[in-house]
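Colleague: Let me give you the structure first, and then I'll get to my questions.
No value in this document is a laboratory result; all are computed from the given coordinates. Worth saying up front: this structure is predicted, and the values here are computed from it rather than measured. Note that we place each Cβ from the backbone using ideal geometry, even for glycine, and neighbour counts take in every protein chain shown.
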Amino acid sequence: MPSPAGWREVPCVECGEFVPDIDFGERCPSCFARRKEKAARIGRTASLVATFLVGVWTLLNLPASPTGRWYAALSVPLTYVLVRKIAGPIAMEVLP
């Protein structure tokens, strides 16, 4: 919902600072950037942990066939990319 006519500034939901050009219930650009950095850090950490776990599992259960080994080798970086792409937006939604 945009700010009412005649109102130039609306308070930020997080810090309470009056900022122009935001709607009610939104964050100011600095709070949004801080939240985005924190979500990116959470996504990066989650993807590194998941990649490590998949790598260890792959080494412990290495397939005998060459095709299976290729799939196992490709699963590690693919896990990093997928978890990073999924965990970042989820963290943005879940963070308080």
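Colleague: Could you compute the net charge surrounding Ile22? Neighbours are other residues with a C-beta less than 12 Å from the C-beta of Ile22; K and R count +1, D and E count -1. Intermediate values should be presented prior to the final figure.
Modeller: On the way: positive: Arg8, Arg27; negative: Glu9, Glu14, Glu17, Asp21, Asp23, Glu26.
Within the 12 Å Cβ shell, the charges total -4.
Colleague: Given the rule -39500 (n - 2.57) for each run of at least 4 DSSP H residues, summed and divided by the residues of the chain, what is its mean residue ellipticity at 222 nm, to the nearest 500 deg cm²/dmol?
Modeller: Numbers: 2 runs with 61 residues, N = 96.
It lands at -23000 deg cm²/dmol.
Colleague: Let me ask something additional. Round to a whole angstrom and tell me the spacing of the C-alpha centers of the range 58-84 and the range 31-50.
Modeller: 25 Å
Colleague: Below 8 Å, C-alpha to C-alpha, sequence gap of six or more: please give me the relative contact order for the range 28-94 in percent.
Modeller: Details: 47 pairs, mean separation 35.6, N = 67.
So the answer I get is 53 percent.
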